[in-house]
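Below is one structure; the comments refer to it alone.
All of the numbers you see were taken from the coordinates with simple rules; none came from a lab. Keep in mind the model is a prediction, meaning the values are calculated, not measured. As a convention, Cβ positions derive from the backbone with ideal geometry for all residues, glycine included, and neighbour counts pool all protein chains shown.
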Amino acid sequence: MPKSKPRKKAVNKKKQARRAEHEINAMLSGETAYFSDDAEELLTSRGWVSERNQPGGADQGDAWYWMPSQLPAYLEEGEPVPTSVYPSSDTTFVGQLATPDGSVPPEAQAEYASLAELEADLDRLEAYRVPDGAWTALPGSADETPADLIDSITEEWELIAELIHFPYSTDDGPRSFTAVQQAVQDGRLTEYAYNSVLAGRGVARPGESR
């Protein structure tokens, strides 16, 4: 199926943008790569994506990413990255909020003296969204549908972001959110992606409250 709009690929995958900078700084400054099995268990149980499961693994230390905070992959400027967490020592952690261009201004970063302190702030990290007006997405085709995105985007990171920000119609037609729900039932969209899209849009699953 031909894609309904040109898709401008960024030079780096969005998950690499911020982490790569951290890795380079670590190598240049001789930092130790830190790992935390307890944080791995806590964050993955809440739906965070682990660097351990990415190609190459966590060779420069652990890091975790919150997919529901993602921005569209095809911005006019910058390389968007999701909210992320990584250990800064054997017991301390750094959290960085999602930004549209990969930068980390001071107000977007928080340091935690313990895993318990990080856990206490996870609701805030998971609820954060880049403010409207702080980013500009490339306009999509008027006849593009969620099914088109699901059938044409193979990178789950990018697909989640696109489905979070798709301008859904309010009817039950092909541009409605019903198409996303149908894709889950048909096995064309994973439960993880679906849950991430729901969380990213602030929508509860049927039977849940939010």
message: If every alpha-carbon in region 97-201 counts as one equal scatterer, what log10 I(q)/I(0) does Debye give at q = 0.15, 0.20, 0.23 1/Å?
response: -0.75, -1.10, -1.29
task: Figure the gain on full extension for Glu111 and Glu77 (residue separation times 0.36 nm, minus the Cα-Cα span) and round it to one decimal in nm.
output: 9.4 nm
message: Given R₀ = 25 Å, what would the calculated FRET efficiency be for Thr92 paired with Thr44, taking r from the Cβ atoms and rounding to 0.05?
response: 0.80
- request: Quick one: which residues, 5 or more positions from Ala73 or on another chain, have an amide H under 5 Å from its amide H? H modelled 1.01 Å from N in the peptide plane, none for Pro or chain starts.
  value: Glu162
task: Go through region 80-97 residue by residue and turn each phi into a ³J(HN,Hα) via Karplus (6.51, -1.76, 1.60, θ = phi - 60°); whole Hz please, and just put x for glycine and proline.
output: x, 9, x, 4, 9, 9, 8, x, 9, 7, 5, 10, 10, 9, 10, x, 10, 6
- request: Place the peptides 95-108, 116-129 in order of packing, highest mean first, counting for every residue the other Cβ atoms within 10 Å and averaging per peptide.
  value: 95-108, 116-129
query: Along region 63-77, what does the Karplus equation 6.51 cos²θ - 1.76 cosθ + 1.60 (θ = phi - 60°) give for ³J(HN,Hα), rounded to whole Hz, x for Gly and Pro?
result: 7, 9, 10, 9, 4, x, 8, 5, 9, x, 6, 10, 7, 5, 9
J(HN,Hα) series, region 189-197, from Karplus relation 6.51 cos²θ - 1.76 cosθ + 1.60, nearest Hz, glycine and proline x: 9, 6, 4, 4, 4, 4, 4, 5, 5
